[in-house]
Amino acid sequence: MEEQKIHRLTRKKIMKEMLERPFMGNENLIDFLKRIWPLEKMESTDHRFKNAEDDIWQHMISNNDWEEDYLFLERLDILNIKDKLFAQFIEVIVHPEIRESEMEQQIYAENINQHLHKSGFELRVDGEIAGYPIYRVKYSIKQRDINSSISEGSNASEVTDSGINPILGIRRKLQVFVSSTFIDLREERQSAVNAILDAEHIPCGMEIFKAGEAQQETISKWIDQSDVYVLILGGRYGSLIPGQEVSYTHWEFSYAKKHKKIILPIVLSESYLNAKEAQLKRRHSNFSAIEDLHNPKYIEFKNEAHAIIRNEVQNIDQITNAIHRNFRSIEEKAVQNNLGWIRIEEVLK
């Protein structure tokens, strides 16, 4: 029998947790199972039925005489199936067609990962569908993996024993340029900076710049030296560059895009902005958080941000969540593109 890389005990812990939750969402049981198993080609354990699909339908839906734990642990033998199939199973659990929201996807992924990490794997964002993240089971970064996905049939030995330069497996610190309009998004920008520091990376942004004619030149140098560009877009287009019809924030975004930086846009939802505006009015602030929502240049900017990835947040806490959620795949891209800072003593170990 093929040796399990996702240990049986890891599977048991995951299944115990999932069987206590509505892990299939609102999906019909048979439709959920067919995302993973070819039920119509699998044999029935009941001589009255021609295949597993009919068998399971009869006992789980018609008669309702099987429990979920029997179905998964005994009938489908999920603790002993191949790694590739088990990986597909947990990837389906966190798929956006199964989960109600990105937040729910993240919660399920985190609950699964607390056990999956024990076997050297993790669910990480690896693409999107209609703006929603797609998670794949990947070898953990700590296992010196780059981007191998177990559900796509990768072999762990290809990662650890193939002669790949060991520097690729060393954790890197990324310099992250945080961009936003200034006066209206101080709290949001600080939340992003704190999340980047929590992720053990190096934030930088407009607080270090002096106003003046050389401001664009200074900003461009800092973006050049950064590995990641994080945009926080509220409801203001921002101050225009003298003599131009583009704001500093929009120009920074375009500059980072032109120079092929890893870009993470975070857009504040209209409900968030309206709540923020109401708060500003109570404080008798002399500026608005929503003054440019109908400005064609702002709309163009927002559409450009959404075209990269749709990260729309409903409150300030979701800014932190968006950064933590996306930085796994960002770290992976950084390794692929040989970006980031590595301590010399790590290289010399």
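The values are calculated or read from the model by the stated rules, or taken from the named source; none is laboratory data. Here the structure is a predicted model, which means the values were calculated and not measured. Cβ sites come from the backbone with ideal geometry, for glycine too, and all protein chains shown count toward neighbours. Accessible surface is based on the protein model in full, side chains and every heavy atom, while ligands, DNA and RNA are left aside. Shrake-Rupley method; radii C 1.70, N 1.55, O 1.52, S 1.80 Å.
Let me confirm something: among Ile56, Ile61, Ile30, which residue is farther than 14 Å from Leu76 by Cβ, among the β-branched types (Val, Ile, Thr), over 24 Å from the mean Cα position of the chain (by Cα) and outside any loop (DSSP other than H, G, I, E, B)? Result: Ile61 is the single residue among Ile56, Ile61, Ile30 that is farther than 14 Å from Leu76 by Cβ, among the β-branched types (Val, Ile, Thr), over 24 Å from the mean Cα position of the chain (by Cα) and outside any loop (DSSP other than H, G, I, E, B).
Among all positions in the stretch 62-71, there is no residue which is of a type in the set (A, V, I, L, M), open to solvent by 30 Å² or more (accessible area, probe 1.4 Å) and in contact (Cβ under 8 Å) with a residue 12 or more places away in the chain. The residues of the stretch 263-279 that are of a type in the set (A, V, I, L, M, F, W, C) and within 27 Å of Leu174 (Cα to Cα), listed by number, are Ile263, Leu264, Ile266, Val267, Leu268. Does any residue of the stretch 242-257 turn out to be within 30 Å of Ile107 (Cα to Cα) and of a type outside the set (A, V, I, L, M, F, W, C)? Checking the stretch 242-257: not a single residue is within 30 Å of Ile107 (Cα to Cα) and of a type outside the set (A, V, I, L, M, F, W, C). Kindly evaluate Leu174 against the criterion of being of a type in the set (A, V, I, L, M, F, W, C), open to solvent by 40 Å² or more (accessible area, probe 1.4 Å) and either modelled with pLDDT of 90 or more or within 27 Å of Lys257 (Cα to Cα) (or both). Against the criterion (of a type in the set (A, V, I, L, M, F, W, C), open to solvent by 40 Å² or more (accessible area, probe 1.4 Å) and either modelled with pLDDT of 90 or more or within 27 Å of Lys257 (Cα to Cα) (or both)), Leu174 does not qualify. Residues that are buried (at least 18 other Cβ atoms within 10 Å of the Cβ), assigned to a helix (DSSP H, G or I) and not aromatic (Phe, Trp, Tyr) within the stretch 85-96 comprise Ala87, Gln88, Ile90, Glu91, Val92, Ile93, listed in sequence order.
Among the numbered conditions (1) within 36 Å of the chain's Cα centre (by Cα); (2) of a type outside the set (Phe, Trp, Tyr); (3) more than 20 Å from Val92 (Cβ to Cβ), the only one that Leu19 does not meet is (3). Restricting Leu293, Leu273 to those that are modelled with pLDDT of 90 or more and assigned to a helix (DSSP H, G or I) reduces the list to Leu273. Just one of the numbered conditions (1) in a loop (DSSP other than H, G, I, E, B); (2) at pLDDT 90 or above; (3) surrounded by fewer than 20 Cβ atoms within 10 Å (Cβ to Cβ) is not true of Asn194: (1). If the condition is being surrounded by fewer than 18 Cβ atoms within 10 Å (Cβ to Cβ) and β-branched (Val, Ile, Thr), then the stretch 219-256 contributes Ile241, Val246. Hey, any hits in the stretch 307-315 for a residue that's farther than 18 Å from Met103 by Cβ and aliphatic (A, V, I, L, M)? Checked the stretch 307-315: at least one residue is farther than 18 Å from Met103 by Cβ and aliphatic (A, V, I, L, M). Restricting the stretch 131-143 to residues that are open to solvent by 70 Å² or more (accessible area, probe 1.4 Å) and at pLDDT below 90 leaves a set whose member that is farthest from Arg328 (Cα to Cα) is Gln143. If the condition is being in contact (Cβ under 8 Å) with a residue 60 or more places away in the chain, part of a helix (DSSP H, G or I) and open to solvent by 50 Å² or more (accessible area, probe 1.4 Å), then the stretch 97-130 contributes Met103, Lys118. Scanning the stretch 264-313 for residues that are in contact with a Pro (Cβ under 7 Å, 6 or more places away or on another chain) and over 19 Å from Ser179 (Cβ atoms) yields a total of 0. Applying a threshold of 7 Å to beta carbon distances and a minimum spacing of six or more residues, or different chains, the list of pairs starting in the stretch 5-22 at a residue that is modelled with pLDDT under 95 and among the aliphatic types (A, V, I, L, M) and ending at one that is in a loop (DSSP other than H, G, I, E, B) and open to solvent by less than 100 Å² (accessible area, probe 1.4 Å) is empty.
Yes/no per residue for (1) assigned to a strand (DSSP E or B); (2) open to solvent by 20 Å² or more (accessible area, probe 1.4 Å); (3) farther than 23 Å from Glu217 by Cα; (4) aliphatic (A, V, I, L, M):
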| position | (1), (2), (3), (4) |
| --- | --- |
| Ile263 | yes, yes, no, yes |
| Ile266 | yes, no, yes, yes |
| Ala289 | no, no, yes, yes |
| Glu300 | no, yes, yes, no |
| His306 | no, yes, yes, no |
| Asn326 | no, no, yes, no |
| Leu339 | no, yes, no, yes |
